[in-house]
1. Report the Cα centroid-to-centroid distance between the stretch 47-111 and the stretch 389-415 in angstrom, as an integer.
2. To the nearest 20 debye, what charge dipole does the chain have about its Cα centre, counting +1 at the Cβ of each Lys and Arg and -1 at the Cβ of each Asp and Glu?
3. Which one of I66, L44, G76 has its Cα pushed farthest toward the positive end of the charge dipole of the stretch 35-96, where Lys and Arg give +1 and Asp and Glu give -1 at the Cβ?
4. Return the subset of K353/K453; K230/K423; K87/K339; K87/K353; K327/K376; K176/K376 for which the Cα-Cα distance in this structure is over 25 Å, preserving the input order.
5. Provide the net charge surrounding R51, with neighbours chosen by a C-beta distance below 12 Å and charges set as Lys +1, Arg +1, Asp -1, Glu -1.
6. Cross-link partners among lysines for K286, C-alpha distance below 19 Å, same-chain residues fewer than 8 apart left out?
7. With a 1.4 Å probe and all protein chains left in place, how much accessible area per residue does the stretch 135-289 have, in Å²?
8. How would you order 33-39, 333-339 from highest to lowest mean count of nearby Cβ atoms within 10 Å?
Amino acid sequence: MTLFKHQALRVAGAGLLGLTLAGAVSAKLADEEIAQLGMTGTPLTPVGATRAGNEAGTIPEWTGGIQAPPANFRPGGTWVDPFPDDKELFTITAQNYEQYKENLTPGQMAMFKQYPETFRMHVYPSRRSASYPDWFVENTKTQAKSIDICPQYAQRNELCLINVQPGGGVAFPIPKNAEELGWNSILSHYVGTTMDAMGNGALIDSIGNRTDVIIRGREYWPYQVPADKKPSNEWFTQWGGAILCDSWQIEQPPRSSGLVFGGCNYFDNVDFQVYLYIPGQRRVRKAPEIGFHDSPSFGSDGQRTVSSRWMWWFGGKEPRHNYSMEKGKEVFIPYNSYKIADADLSFDDIYGKKHINQDLLRYELHRVWVMDSELKPGFRHLYKRHVAYFDEDTWMGVAYEAYDAKDRLWRVGEQYNLNLYDKRIMRPMGDSQIDLINGRYTTFPYWHVQAGKATGFGMPKFETTDEVTVDLSVYTPQGLRKFGTR
């Protein structure tokens, strides 16, 4: 099996669940709804989370998150733990997880059953650490009054957005339906404007053998850029303007080195417009399979799909699932796991034989939004059902479960997000995606600090709105050619 083997689409048929795509109704927010959002004194936080804690007192009130780096943080260095004095409350194991199952996901409980000797969850006090730049808070109010799901969605089942304002912000801080929740998971977490970093999309087989797939990732988020900072090149302005431009370049293993793709998706066309440079052929070709629904993720040996990027992804302009949502479910999720940003960690420290080293992870009780995707009758997809969990304070994916055509729980995942407090951006710095049936697991190419150290690239470069430093030509078919290395 090669790193780029394509899997067949083999799932068919499913019942209707919750809101149908064609029947979803969207509406921009009225002034009285916008008034519910704020830094202080409002029922909702600036991004739409419930400000108050829970009745049990196990989830605190949001009071602004991390407002400044810890005193021992050094600019340009790794992100030290801002909560070093927190003590572990308890550890959930295969022996006691039943008493906590009300706050566990089906995926977590399946992990306890499958790996009873090694899977555990260290639970700490809940810290609502998310914080946001002032401009992001203000732009959310402007964005939410204007942005809307396009009429083509109800008419022709085509995903798109209209009336998008430049400068980003949360698209739908008070989502009225699951489709708005889906858009939030893609648009509404502030990850900065550009990223240039090494990552390891490691592949671990069923007996624990590992292949490190080192990838240089370059991201650009035009959605978060003010109007006067946006590029004028037609490649970025077509189809209503680009949302996300992405590029991965494989550095190792040697047999795949030099493969690089680049492209963007757009508000009027969420199918990624991607081109691929193939070193052996010394040519650039269009690669519609990259970024499309359940196609294999680049460099994943078929073990990750586009559907599970950031735990969930639309994957194309014609959705294949019906969606429903649940608000405010209290779940133990990975949160504030700053150990994973330690530059002294090796890949051997991170990747266990069966799953990520759980001793590196911190779990906390938080409220999440749950998005349940059920395959539409007459459509095909690897995942008959896909359930994703999004943190209420960041809109970022934190976990998922995927079910196969026989309704078996097939794949489960968790994502490890950190507040990079020197820039007030939220980034996934690691994840884990496990196949419960074949026993393999993999990660998206995160673990940027360790991959940068291993390759000599250095620390990941995450820039903010006024610092677009990535060479944008990597996202165009013309410019991609110069990035070929052999």
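1. 18
2. Charge dipole, the chain, about its Cα centre: 1600 debye, nearest 20.
3. Checked the options; the winner is G76.
4. Values: K353/K453 23 Å; K230/K423 21 Å; K87/K339 14 Å; K87/K353 28 Å; K327/K376 23 Å; K176/K376 21 Å.
Correct reply: K87/K353.
5. Numbers: positive: R128, R367; negative: E61, E392, D393.
It works out to a net charge of -1.
6. K5, K317, K482
7. On the way: 5020 Å² over 155 residues.
On a per-residue basis, the stretch 135-289 sits at 32 Å².
8. Most protected by this proxy first, the peptides run 333-339, 33-39.
The values are calculated or read from the model by the stated rules, or taken from the named source; none is laboratory data. Since the model is a prediction, treat every value here as computed from it, not as a measurement. Here Cβ is always computed from backbone atoms with ideal geometry, including for glycine, and neighbour counts include all displayed protein chains. Just so you know, the surface numbers come from the protein's heavy atoms only, side chains and all, with ligands and any DNA or RNA stripped out. Shrake-Rupley method; radii C 1.70, N 1.55, O 1.52, S 1.80 Å.
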